[in-house]
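Right, one structure below, let's go through it.
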Amino acid sequence: LGLGPWAQALQVLAFSAGGVLLGGMSLVGAGVFLAVQKVFMSWCFSPRCWGRCFSPTEGVFWAQALALVCASLAAGRATGFARWSALGVFSFFLVSFGLVFVALTGLAHVLLRRGRAAYVQWSPIAAGIVTLALFLLWLCTGVLGWSFARPEELPITWLCRTLSLPEHRWLLVVQWPAILAAGVSAIHVACSRSMAAVGEDVSPAAAQRAARLKVMHRKTFHALAVALFAPPLLSGQSAFLGFSLLAAALLLAVVEACRVWGVPGLADGLNAFVGPYLDKREDTARGDLVLTHIYLLVGCALPIWMGLADARGAPAGDACQGAWTALELSGGILLVGVGDACAAVVGVNFGRTRWPLSHRTLEGSLAFVAGVFVAAAVVWRLAGGDGCPGGLLGGGGQGRRRRRGRVEGRLGRR
């Protein structure tokens, strides 16, 4: 952040040249990665932007992730999306339009603040309208590379055909809406009643009880995430689940932009809804970003996205490798959806022994491990891994051999 623009540009050029000469990287890919990384690092850590909302780990994660997405998209476009599936191309264009929305929101904010300050709150709406128009234009034309993946049909045709499959219609129209409506309503009612029971008692004991209740209510959303994501994953719909999680993450980002920019008619209702679940690190009154729900979704989705990008799959009829694949793809659900919730609930209620230099407790850590192992055993059994040689712990050798085979195959092709 202390470097000037010329020093930043020279650093990008120097590292790009080093990547090309020493690492055999593409100049375009390395340049795009480093440039985007720098832009988002400054956006995440600058006090004028959102520096107070990101820890160093969070800022580096988002900068690296978005830079990798942009570099992958640039590399795919340069190679005509060779060997990319239609789902992969559509997903990356979807992410691109999400980045366009973020950029246009910032641009609209700057322009409106200079010209019409009274309308600056409408920046996300203006950016959303333009982004939606561009997305619909792409859906109907498939410009910029879709024809490489699926020349016989337009993106809108592929999307309608994908969404119209019976198993996908059931998820979109019945299963997910029912679980969301019932789960969110139950959590909100329980939160309202428990907080009302605490009342206006300002004693330290009441404050401590209120803090414990807030943690438990927050972690109930983790159980809701497990109920939403685990059934389609175990029923063999991991590709559509990954695509749906990507669309949901982008939608949550749009909603958060509307909330943090204070869009009239939306922001107040959103602040009132999320307020009871926020801790001291997130303060809507000072304009902080609220990213907990996005972290939950992304944490559950990352193994699924990585698995789809790596084209994982078990040979037909191989139940053991199919069970191990299901366990790999459910890693985020196990760690974030189950393990983190167990650790938090046990830690705030029964934790006594704290780790050095941390507020985490030994009891919470043990609950994390136990919860993950129990949930993994359930996934293993539901995925048909009971009859595999060596069971759950012995099955790891098959996963390691399969991963080593994929790596050796890629190195051999290179």
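The values are calculated or read from the model by the stated rules, or taken from the named source; none is laboratory data. Just so we're clear, the structure is a prediction, and the values are computed from it rather than from any experiment. Note that we place each Cβ from the backbone using ideal geometry, even for glycine, and neighbour counts take in every protein chain shown. What goes into the accessible areas is simple: the full protein's heavy atoms, side chains included, and nothing from ligands, DNA or RNA. Shrake-Rupley method; radii C 1.70, N 1.55, O 1.52, S 1.80 Å.
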(message) Within the range 1-97, considering only helices (runs of 4 or more DSSP H) that don't extend past its boundaries, which have at least 2 residues that are under 26 Å from Gly299 (Cβ atoms) and open to solvent by 30 Å² or more (accessible area, probe 1.4 Å)?
(response) 27-45, 56-78
(message) Can you confirm whether Val215 is within 24 Å of the chain's Cα centre (by Cα) and under 30 Å from His359 (Cβ atoms)?
(response) yes
(request) At least 2 residues that are modelled with pLDDT under 80, surrounded by fewer than 16 Cβ atoms within 10 Å (Cβ to Cβ) and not small (Gly, Ala, Ser) in each: list the helices (runs of 4 or more DSSP H) lying fully within the range 145-217 that qualify. (result) 176-198
(request) Tell me which of these Arg114 doesn't satisfy, since it passes every other one: (1) assigned to a helix (DSSP H, G or I); (2) at pLDDT below 90; (3) surrounded by 12 or more Cβ atoms within 10 Å (Cβ to Cβ). (result) (3)
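Results for (1) under 26 Å from Ala178 (Cβ atoms); (2) crowded, with 17+ Cβ neighbours inside 10 Å; (3) out of contact with any Phe, Trp or Tyr (no Cβ under 7 Å at 6 or more places or on another chain); (4) β-branched (Val, Ile, Thr), shown as yes or no for each residue.
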residue: Leu224; (1), (2), (3), (4): yes, yes, yes, no
residue: Ala227; (1), (2), (3), (4): yes, no, yes, no
residue: Pro231; (1), (2), (3), (4): yes, no, yes, no
residue: Arg259; (1), (2), (3), (4): yes, yes, yes, no
residue: Leu266; (1), (2), (3), (4): yes, no, yes, no
residue: Glu282; (1), (2), (3), (4): no, no, yes, no
residue: Asp288; (1), (2), (3), (4): no, no, yes, no
residue: Leu297; (1), (2), (3), (4): yes, yes, yes, no
(message) Would you confirm, using the coordinates I've provided, whether Ala249 is out of contact with any Ser or Thr (no Cβ under 9 Å at 6 or more places or on another chain) and not in a loop (DSSP other than H, G, I, E, B)?
(response) yes
